[in-house]
Amino acid sequence: MPELPEVETVCRTLNQLVAGKKIANVTVSLPRIIRRPDEPVEFAGALAGQTMRSVERRGKFIRIVLDDLILVSHLRMEGRYGLYQSDEPVEKHTHVIFHFTDGTELRYKDVRQFGTMDLFAPGEEWVLPPLNKLGLEPLDETFTLQALREALGKRSTKIKPLLLDQAYVVGLGNIYVDEALFQAGLHPERTADSLKAAEWDRLYNAIRDTLGRAVEAGGSSIKSYVNGQGEMGMFQHSLLAYGRGGEPCRTCGTTIEKFVLSGRGTHICPKCQPKPRGASAKIAGRQERPKGSSPKIH
């Protein structure tokens, strides 16, 4: 599933591609992608004549601002947007097409069919699902060390599953939590209430730094992620922990270990990230690093 850097990259790319384009009509070929309104025909009818003003991000959600509507979209596992000329062949698994008046089309393709789209009146999206219960934005000015400690510091939950919970901090998924915890020198099984002041400072800076560098690199193309122009992200080449099970740590040379924590594959350096007393996770064994390739979308 795309995480914050990938979604941010998609939003920035789409903002360049579609801002200012007017929708002539919309084609929906897979109704369950549309969650609000209930009927896809209402969705299509409401969007006809609307101009896409900007494309923004909240957590892992894409927020498209139109004349007097807000479209909230989630890519889930493999959803993709791409801009095409109207005479280009429509690829398999293309489920929603926004036909613009200039002869171009914004197409939504989703092999797994898990993506969602919700339409709101402006302002309504903040008080209703799916955006109403999201936590801190880690690249926003409101994300401070104090805010992070206030949100998480008193909880006895292990730090990795806590960081993955979008109700506390948004945008972080398995890749960037593993990377941030490695950079901070924290074992993912440490509980939040066990962290000292200096450790919170390291974690806060590691989250900001890891996500910032990943955004600049266009995200990580571990599986099938590409941006709105069909380009792969490059941050996977800078990963220090995630996907490197069985390989030497680039800091100390110790073998990176992979184990399962709360159902998620988790990567650590046992020397750089000391295991807390009482931790019982089982090592999953030597793992191959994912290659990360993707077919191109125009």
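Numerical summary
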item	result
Residue within the range 127-138 that is of a type in the set (Val, Ile, Thr), loosely packed, with under 11 Cβ neighbours inside 10 Å and free of Cβ contacts under 8 Å to residues at least 40 places away in the same chain present	yes
Qualifying residue in the range 33-46 (condition: in a strand (DSSP E or B), at pLDDT 95 or above and hydrophobic (A, V, I, L, M, F, W, C))	yes
Residue satisfying condition, being touching a residue at least 60 places away in the same chain (Cβ under 8 Å), farther than 28 Å from Gly219 by Cα and among the aromatic types (Phe, Trp, Tyr), within set Phe61, Phe43	Phe43
Output for the range 33-51, where each listed residue is surrounded by 19 or more Cβ atoms within 10 Å (Cβ to Cβ) and closer than 20 Å to Leu131 by Cα	Ile33, Ile34, Phe43
Any hit, the range 223-233, residues being modelled with pLDDT of 90 or more, basic (Lys, Arg), closer than 28 Å to Leu131 by Cα and under 17 Å from the mean Cα position of the chain (by Cα)	no
Residue within the range 95-117 that is within 19 Å of the chain's Cα centre (by Cα), surrounded by fewer than 19 Cβ atoms within 10 Å (Cβ to Cβ) and either closer than 24 Å to Gln50 by Cα or not assigned by TED's automatic domain parsing to the domain that holds Phe61 (or both) present	yes
Leading residue by the ranking (surrounded by the most Cβ atoms within 10 Å (Cβ to Cβ)) among those in the range 64-81 that are touching a residue at least 60 places away in the same chain (Cβ under 8 Å) and charged (D, E, K, R)	Arg80
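The values are calculated or read from the model by the stated rules, or taken from the named source; none is laboratory data. Values in this document were obtained by computation on a predicted structure and should not be read as measured data. Glycine also receives a Cβ, built like all others from the backbone with ideal geometry; neighbour counts cover every protein chain displayed.
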